[in-house]
Amino acid sequence: MNKIKFICIVAFFTLSFTASAQKTGYISLDQVVSLMPEVRKIDSLLQKYQSDSLNPQFTYMVSEYNRKDSTVNGKDSLKTPASARALVRQEMEGLAYQIQNWQQIVQNAMQNKQSALLEPVYRRAMTALRAASKENGYTYVYNKEALLVAPEGDDLLTLVAKKLNVKVPATAAVPKK
């Protein structure tokens, strides 16, 4: 019985020692990324993508739909063979579907483009986070949005921003105790 108590006490102190030796922190990676200068460039690239690629594509689809509509329903539509008119009507249905759902199509295209452009930025932020947490002895780093309560001193925003050579605005800065 004494051996069991002794083993339990040793295990308790061992676990207590290991748990206290681990340093944890938290960060909002989205906040870090929003501070990076590359994000402003990405915003302008996305606007350019929409105006130079997506908007002309929509204009082309509408004009193509109108052209096909005049082919099928215009004055000279009877000159077109019935099989060709049926084929054009089928193409018009596809165009009409795309036009009706254009906002969803644009939203998906913009999200895909944004993800592709932000991927290297997030990778750079994660690399800086890993380096800063390792240099400062943090064993675990949690996503800030997942925590309901956390001490202010364990926010790694300033450490990661320093690693990335990015200035943290005073409103986002974490007060030190």
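The values are calculated or read from the model by the stated rules, or taken from the named source; none is laboratory data. None of these values were measured; they are calculated from a predicted model. Cβ coordinates were reconstructed from backbone atoms using ideal geometry, including for glycine residues, and neighbour counts include every protein chain displayed.
Hey, among the residues in the stretch 155-177 that are modelled with pLDDT under 85 and charged (D, E, K, R), which one's surrounded by the most Cβ atoms within 10 Å (Cβ to Cβ)? Ranking the qualifying residues of the stretch 155-177, first place goes to K176.
For the stretch 31-50, the set of residues classified as without any contact (Cβ under 8 Å) to a residue 12 or more places away in the chain and within 16 Å of K162 (Cα to Cα) consists of S34 only.
Residues that are within 25 Å of the chain's Cα centre (by Cα) and either β-branched (V, I, T) or at positive phi (or both) within the stretch 49-108 comprise I105, V106, listed in sequence order.
Filtered by the rule that a residue be more than 20 Å from Q57 (Cβ to Cβ) and in contact with a Lys or Arg (Cβ under 9 Å, 6 or more places away or on another chain), the stretch 89-111 gives a lone residue, R89.
Residue pairs whose Cβ atoms lie under 7 Å apart, separated by 6 or more positions or on different chains, with the first residue in the stretch 92-112 and closer than 19 Å to T71 by Cα and the second loosely packed, with under 11 Cβ neighbours inside 10 Å and of a type in the set (F, W, Y), do not occur. Restricting the first member to the stretch 56-71 and to residues that are within 15 Å of E93 (Cα to Cα), and the second to residues that are aromatic (F, W, Y) and surrounded by 15 or more Cβ atoms within 10 Å (Cβ to Cβ), no beta-carbon pair is closer than 7 Å while six or more apart or on different chains. Can you confirm whether L118 is within 29 Å of Q47 (Cα to Cα) and either under 22 Å from the mean Cα position of the chain (by Cα) or modelled with pLDDT of 90 or more (or both)? Considered against the rule, which asks whether it is within 29 Å of Q47 (Cα to Cα) and either under 22 Å from the mean Cα position of the chain (by Cα) or modelled with pLDDT of 90 or more (or both), L118 comes out as yes.
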